[in-house]
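In what follows, a structure is listed as structure tokens, so that the remarks can point back to it.
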Amino acid sequence: MADNRLAREAENREGTKRKQQWTPPQTLPEPEPQDGWVFRWIRTSIMGQADPSNTSAKFREGWEPVKAEDQPKLMMQADPNSKFSGNIEIGGLLLCKAPAELMKQRDEYYTRQAQAQLQSVDNNFMRLNDERMPLFSDKKTTVSFGKGK
């Protein structure tokens, strides 16, 4: 009995621990969260060509570039030749932030837009409905069990 106890104590977690599986690295690092802010990577160029219209639209939408001092951990991976000096740009994507409340309002706006479009499509479709040959009919199925003797 004592031998069994010693053998068990000699075991350690390292010997029984499952080896960690390899996973591909993330292309873009995750910024450190900040209360009240939402982060997003904004496209500044595509296939080596600058995309100022996209960047300008996102800035007008409320996104602002993140300063390198705010996320020092990410500066190690930033593009040293970026035209957005003092900010974090990786592979044609610029790290930006916006107030969480503003982005919540933006999401609600686009949700209302999508619902209005769906409602319009449904109304247009149902306009073609005729009582003599309905587009939809309520179909009900029932399950009954046999009656024993």
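Tabulated data for the structure shown
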item: Filter result for Leu74 (at pLDDT below 85 and assigned to a helix (DSSP H, G or I)); result: yes
item: Single match in Pro29, Pro80, Pro25 (criterion: outside any strand (DSSP E or B), at pLDDT below 90 and open to solvent by less than 50 Å² (accessible area, probe 1.4 Å)); result: Pro29
item: Residue match in segment 86-95 (condition: farther than 10 Å from Trp41 by Cα and open to solvent by less than 70 Å² (accessible area, probe 1.4 Å)); result: yes
item: Criterion violated by Pro99 - all others in (1) exposed (fewer than 10 other Cβ atoms within 10 Å of the Cβ); (2) at pLDDT 95 or above; (3) not hydroxyl-bearing (Ser, Thr, Tyr) satisfied; result: (1)
item: Condition met for Leu118 (of a type in the set (A, V, I, L, M, F, W, C), over 25 Å from Thr27 (Cα atoms) and open to solvent by 90 Å² or more (accessible area, probe 1.4 Å)); result: yes
item: Scan of segment 35-51 for residues that are touching a strand residue (DSSP E or B) at 6+ places or on another chain (Cβ under 9 Å) and not basic (Lys, Arg), ordered by number; result: Gly36, Trp37, Val38, Phe39, Trp41, Ile42, Thr44, Ser45, Asp51
item: Residue match in segment 37-49 (condition: over 18 Å from the mean Cα position of the chain (by Cα), surrounded by 10 or more Cβ atoms within 10 Å (Cβ to Cβ) and not in a loop (DSSP other than H, G, I, E, B)); result: yes
item: Tally of residues being under 20 Å from the mean Cα position of the chain (by Cα) and part of a strand (DSSP E or B) across segment 83-129; result: 9
item: So Ser56, is it open to solvent by less than 70 Å² (accessible area, probe 1.4 Å), modelled with pLDDT of 85 or more and of a type in the set (Ser, Thr, Tyr); result: yes
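The values are calculated or read from the model by the stated rules, or taken from the named source; none is laboratory data. As the structure is a prediction and not an experimental result, all values here were calculated from the model. Note that each Cβ is placed from the backbone with ideal geometry, even for glycine, and that neighbours are counted across all protein chains shown. For accessibility, only protein heavy atoms count, side chains too; no ligands or nucleic acids. Shrake-Rupley method; radii C 1.70, N 1.55, O 1.52, S 1.80 Å.
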